[in-house]
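Structure first, commentary second.
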Amino acid sequence: MVAGFPPKISRWGAILITLWWTVPVIALDELRLLPDAKGEQRVISGEIEDIREGQILIRVGTSTRPIPVLDVVQIESTWQPAHRSADHQLSHHAWDAALIAYRQAYEAEQRPWCRRLLVKQMAVALQGQGQDARAALLLLQILEVDPASTYVSNLPLAWPVRARTAAEQQQASLWIDESLPAAQLLGASWLLVGNERQQALNTLSSLTEHTNPLIAQLALAQIWRVTPASSEPALAQRRELVAKFHSTIQAGPRFVLIEAARNDAPPADIAIDLLRIPILYPEQTCLVPEALAAAAEVLRNNDRVDEASLVTRELVHNYPQTLAGSTASSMDTGSR
């Protein structure tokens, strides 16, 4: 067992006791839904009672309506001041300050669904610091109780094709043997490049048949990391498929497809596509620094040195504790 890592997720269930306990509060919440068939925005106002099993239960008047989570674009609510402050710090990549504020908001918050949201946000901040394993443990605690949660999209899956550290591989070996599909997905993702590749592929292949479309689609895209498309039409087919994925999980699969096109597409197009990831998916704080590093490499290799330097500075400034950020910082220092 790796120091600091539990052998089983269930041993980390302490937070779950408080995640589900609450004193009811009355607040006006607003759900912004995907546009209807006519392209018109839909909004539902009421009080969110819970978010569980793929449904948002919102009380409207005297009745409770179940709304599929995947139909919801945005949730507006009355947030704790510390919650708003934490979100602001997170958007400015102030990871330490964000974590402190999220913990304060968690202590003050009484709504169970909102407390889970705060835990997810803590995981996002931890990934911004390069603490992927700690972030994963927080998210898996939630997913163990609510396997249908969309927070599976925030798991720190591996997308670049590189081996994980020995400690990470040991942790992944524990996850892949868990009964929780989200843990299996994460474990297989971390083991896909290395000696346990076949076990990882077998697990991912099985997960592509999972009833949760988010898990099934992420598992399929993970397999693509090590099974390149055989032709341009095959790659185009994968692009069409990813376009149909739910927006919350498109970042990683898009990264895989961009990397697959590196040798054939114009370098400027590859760099632009990579730089779209931080813009479109800022919450994917595990992937964003990898996308920035890849974009800088493409630019540097094609004599766009000034642009590469700009991207590298952003990477080092915003994500200094991640592997991509620290590597870029070392390279920058060594070139002086």
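Tabulated results
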| quantity | calculated |
| --- | --- |
| Amide H within-cut-off set for R59, under 5 Å, with H built and near neighbours excluded | E47, I48, E49, R65 |
| Computed FRET value (nearest 0.05) for N302 with L241, which takes r as the C-beta separation and R₀ as 41 Å | 0.90 |
| Given charges at Cβ of Lys, Arg, Asp, Glu: segment 198-319 dipole, positive-most of S309, A234, N212 | N212 |
| Built amide H within the under 5 Å cut-off of V73, gap 5+ | R32, L33, L34 |
| Segment 306-312 - phi-based ³J(HN,Hα) in whole Hz, Karplus 6.51/-1.76/1.60, Gly and Pro as x | 4, 5, 4, 5, 4, 5, 5 |
| Value of D in µm² per second that Stokes-Einstein yields for segment 150-334, Kirkwood Rh from Cα pairs, at 10 °C (1.306 mPa s) | 94 µm²/s |
| Calculated from backbone phi, Karplus (6.51, -1.76, 1.60) coupling profile of segment 82-99 in Hz, x at Gly/Pro | 5, 5, 5, 5, 5, 4, 5, 4, 4, 5, 9, 6, 8, 5, 4, 5, 5, 4 |
| Magnitude of the charge dipole, the chain, Cβ model with Lys/Arg +1 and Asp/Glu -1, debye to 20 | 300 debye |
| Calculated from backbone phi, Karplus (6.51, -1.76, 1.60) coupling profile of segment 148-154 in Hz, x at Gly/Pro | 8, 4, 6, 5, 4, 5, 9 |
| For segment 107-212, fraction of C-alpha pairs farther apart than 23 Å, in % | 26 percent |
| Loop-exposed chymotrypsin sites (Phe, Trp or Tyr not before Pro) per DSSP, neighbour cap 15 Cβ within 10 angstrom, longest uninterrupted part of the chain | 22-336 |
| Qualifying trypsin sites (Lys or Arg not before Pro) in segment 104-204, DSSP loop, other Cβ atoms within 10 Å at most 13 | R162 |
| Value of D in µm² per second that Stokes-Einstein yields for the chain, Kirkwood Rh from Cα pairs, at 25 °C (0.890 mPa s) | 117 µm²/s |
| In segment 207-295, trypsin sites (Lys or Arg not before Pro) in a DSSP loop with at most 16 other beta-carbon atoms within 10 Å | K244, R262 |
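Quick note: the coordinates plus some simple rules give every number you see, no bench work behind them. Everything quoted here is computed from the prediction, not taken from an experiment. Note that each Cβ is placed from the backbone with ideal geometry, even for glycine, and that neighbours are counted across all protein chains shown.
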